[in-house]
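I have placed the structure first, in the form of structure tokens, so that the comments after it can refer back to it.
Quick note: the coordinates plus some simple rules give every number you see, no bench work behind them. Keep in mind that this is a model prediction, so the values were computed, not measured. Ideal geometry is used to build each Cβ from the backbone, glycine not excepted, and the neighbour counts take in all protein chains shown.
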Amino acid sequence: MIYKQYKDIKLSCLGMGNMRLPQIGKPGSGDKIDYVKAHEILDKALASGINYYDTAHVYNGGDSESCLGEWIAKQDRDSFYVATKFNIGACKDYKGMFEAQLKRLQTERIDFYLIHCILDGNIDEYINSGAIEYFEEQKRKGRITYLGFSSHASPATLKRFADLRDWDFAQIQLNYYDWLYETTKEEYEILYSRNIPIVVMEPVRGGRLAELTPVPAGILKNAHPEWTNASWALRFVKSLPGVQVILSGMSTMEQLENNLETFSVENDFTEADKEVLFNAGRALRNDLYVPCTACRYCTDNCPMQINIPEYLKFLNAYKIEGKWGLQGIENVDSQGTPSDCIACGACMTHCPQGIEIPKFMSELAEVM
């Protein structure tokens, strides 16, 4: 395992994301986490040298924190670091939420605490809420060790928030596709120029960069047949000097073992490899229609209980394969269907990618 120095400690370059832990029902169904399988993965991760574990109270309706907490209670608490977050869009009571998180995680301290999901539309609410000052107080008391934030905001808003205080770290969505086509490169440079250590989320874009369409997959396969699509994406991110920890939401042992191999060697990604990868990204651009990362922030607020991320996968497949891409759509585990969408917009207020979900639900309903 590769480690990087962070202040007076060392952090594993690969961090365990706990947003996509194995579930009891079908993957993506929103069912409760399978604690037994999840704990087996966490045990393997810890034994393999991963010492950074990330969660949030909005993941799996709080079940992610509870699952991680039961695991934490059985471990040497000083052998790893825990990160969790406060999202003002999901809960205004930051004091009550923080106390609840400590109980769910069965710990007396949060090592890395984040102001969660800064957006252009919520930055002022965060600044004026008193939450930042409260968490700074908890840091002084030793209940928070390092205080940071995560952002899905524009570069201008990111600059504004980054300059509010001396943040210990920041978390952004960073992957080669967004580096090419979104503002990710600029966001990275904003943080790097301010010496703010970067924790990376969505390095494989919610799994989308692991399951490439044939042309980009072929480009990568020709260059390094032994590398998986996901490992290409991870190698690019770990080549960036400003990156401290790269989170991967691992839901199977196979994913964990593949990632452990990727993070066993430093400096194995060349400039020539980067050009190959960017060529694959350009080819993928021609195929990708809806930039969903399957974070599922949208689903809890849908009054029609539509499994939005699963249906968006089929819309992407339809754009590439035509009607054959809709095979199996009738088996999506969902209370509502795209035709049930009432275009209320509740989903969009929680979508970090800014996807016009009602528009795509309407489009999918027409082609189904």
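Quick check for me: using +1 on Lys/Arg Cβ and -1 on Asp/Glu Cβ, what's the dipole size of segment 56-101 about its Cα centre, in debye to the nearest 20?
Numbers: 5 positive and 7 negative charges, 33 e Å.
Dipole size: approximately 160 debye.
Taking every DSSP beta bridge with both residues inside the chain, roughly what % is antiparallel (nearest 5)?
Counting only bridges with both partners in the chain, antiparallel ones make up about 15 percent.
Could you size up the charge dipole of segment 10-132 around its Cα centre, putting +1 on the beta carbon of Lys and Arg and -1 on that of Asp and Glu, and report it in debye to the nearest 20? Before the final figure, lay out each step's value.
Working: 14 positive and 17 negative charges, 42 e Å.
The dipole of segment 10-132 has a size of about 200 debye.
Using a Förster distance of 25 angstrom, determine the FRET efficiency expected from the C-beta separation of Arg160 and Ser264, and round it to 0.05. Walk me through the numbers on the way to the answer.
Values: r = 39 Å, r/R0 = 1.56.
That gives a FRET efficiency of 0.05.
I need the peptides 176-183, 225-232, 189-196 ranked by packing, meaning the mean over residues of other C-beta atoms within 10 angstrom, with the highest value on top.
Details: 176-183: 19.1, 225-232: 17.5, 189-196: 15.1.
Top of the packing list down: 176-183, 225-232, 189-196.
Mind checking which of Cys292, Ala56, Pro358 is farthest towards the positive end of the chain's charge dipole, using Cβ charges of +1 (Lys, Arg) and -1 (Asp, Glu) about the Cα centre?
Of Cys292, Ala56, Pro358, it is Ala56.
Mean separation of Cα pairs under 8 Å and 6+ residues apart, divided by the residue count of the chain: what relative contact order is that in percent?
15 percent
So how do 336-348, 204-216 stack up, highest first, on mean other-Cβ count within 10 Å? Mind showing how you got there, number by number?
Values: 336-348: 16.8, 204-216: 19.5.
Descending mean neighbour count gives 204-216, 336-348.
Size of the dipole of the chain about the Cα centre, Lys and Arg at +1 and Asp and Glu at -1 on the beta carbon, nothing else charged, in debye to 20?
360 debye
Taking the highest mean first, how do the peptides 39-51, 154-166 order by number of other beta carbon atoms within 10 angstrom per residue? Mind showing how you got there, number by number?
On the way: 39-51: 18.0, 154-166: 15.4.
Final packing ranking: 39-51, 154-166.
Sort largest first and round to whole Å: the equivalent ellipsoid semi-axes of segment 299-367, each the square root of five times a Cα gyration tensor eigenvalue. Walk me through the intermediate numbers first.
Working: eigenvalues 77, 33, 20 Å².
So the three semi-axes of segment 299-367 are 20, 13, 10 Å.
Of Lys221/Lys274; Lys37/Lys139; Lys313/Lys359, which sit over 23 Å apart, Cα to Cα?
Over 23 Å Cα-Cα: Lys37/Lys139.
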